[in-house]
Amino acid sequence: MDASLPDYLIREQAAVGSLVAFGFLRVLAAAIAFTRGWRIRWVEYAAIGAAALWCAPQLIALIANPTSVAALAELEGNATGCALALFFTPILSHRLGYE
C-alpha cells in the first residue's frame with residue numbers, strides 16, 4: 001500500500017508552515033533588533049538567507065530526482081510561504097512599532 005498525500009495538500013501545508021515560522025521569526029527578530037539598536041536591513045538579509053536555507057533540502061531533493069512530485073510540491077509551498085512572510089511581516093513589524 002503506497003498511500004501518499006496529494007501534491008496540493010503538501011504544497012498548502014508547506015506554505016502555511018513556512019509562513020507561520022518566518023512570520024513569527026521575522027517579527028521577533030525585528031523586536032530584538034529594535035531593542036538593541038541594530039539596523040533593520042541586517043534582519044532582512046538574515047531572513048532572506050534563512051528562507052534560502054529553509055528551501056535548500058527540497059531543492060537538493062528535486063535536483064537529485066527531477067521527477068519527484070512531492071519534492072516539487074514542497075519546494076513550491078516553502079517558497080510561496082517564505083515569500084509571503086518576507087513581504088508582509090515588515091508591514092506587521094512597522095505597525096507594531098519595531099521599524
**Complete:** The condition from (1) at pLDDT 90 or above; (2) over 11 Å from the mean Cα position of the chain (by Cα); (3) open to solvent by less than 100 Å² (accessible area, probe 1.4 Å) that Tyr98 misses is numbered (1)
**Filtered residues of the stretch 60-75 (kept if closer than 15 Å to Ile10 by Cα and open to solvent by 60 Å² or more (accessible area, probe 1.4 Å))** = Val69, Leu72, Glu74
**Item:** Boolean, Ala15 is crowded, with 17+ Cβ neighbours inside 10 Å, of a type in the set (A, V, I, L, M) and out of contact with any Pro (no Cβ under 9 Å at 6 or more places or on another chain)
**Value:** yes
**Asked** Does Gly17 meet the test of being modelled with pLDDT under 95, closer than 20 Å to Glu99 by Cβ and out of contact with any Cys (no Cβ under 8 Å at 6 or more places or on another chain)?
**Response** no
**Request:** Show the residue pairs that are 6+ apart or on different chains and have beta-carbon atoms under 7 Å apart, the first residue being within the stretch 84-95 and farther than 18 Å from Gly17 by Cβ and in contact (Cβ under 8 Å) with a residue 12 or more places away in the chain, the second being open to solvent by 70 Å² or more (accessible area, probe 1.4 Å) and of a type in the set (Asp, Glu).
**Result:** Pro90/Glu99; Ser93/Glu99
**Fill in**
Looking across the stretch 26-57 at residues that are under 20 Å from Leu75 (Cβ atoms) and surrounded by 15 or more Cβ atoms within 10 Å (Cβ to Cβ), the single one that is nearest to the chain's Cα centre (by Cα) is Ala51
**Message:** Is it the case, given these coordinates, that Ala46 is among the hydrophobic types (A, V, I, L, M, F, W, C) and in contact with an Asp or Glu (Cβ under 7 Å, 6 or more places away or on another chain)?
**Reply:** no
**Asked** Which ones in the stretch 80-95 are more than 13 Å from Ile10 (Cβ to Cβ) and open to solvent by less than 80 Å² (accessible area, probe 1.4 Å)?
**Response** Cys82, Ala83, Leu84, Ala85, Leu86, Thr89, Pro90, Ser93
**Prompt:** Pick from the stretch 31-77 the residues that are of a type in the set (Phe, Trp, Tyr) and in a helix (DSSP H, G or I): which of them is farthest from Thr89 (Cα to Cα)?
**Reply:** Trp54
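The values are calculated or read from the model by the stated rules, or taken from the named source; none is laboratory data. No experiment lies behind these values; they were computed from the predicted model shown. Neighbour counts run over all protein chains shown; Cβ positions are idealised from the backbone, glycine included. Protein only, heavy atoms only, side chains kept; ligands, DNA and RNA dropped before computing areas. Shrake-Rupley method; radii C 1.70, N 1.55, O 1.52, S 1.80 Å.
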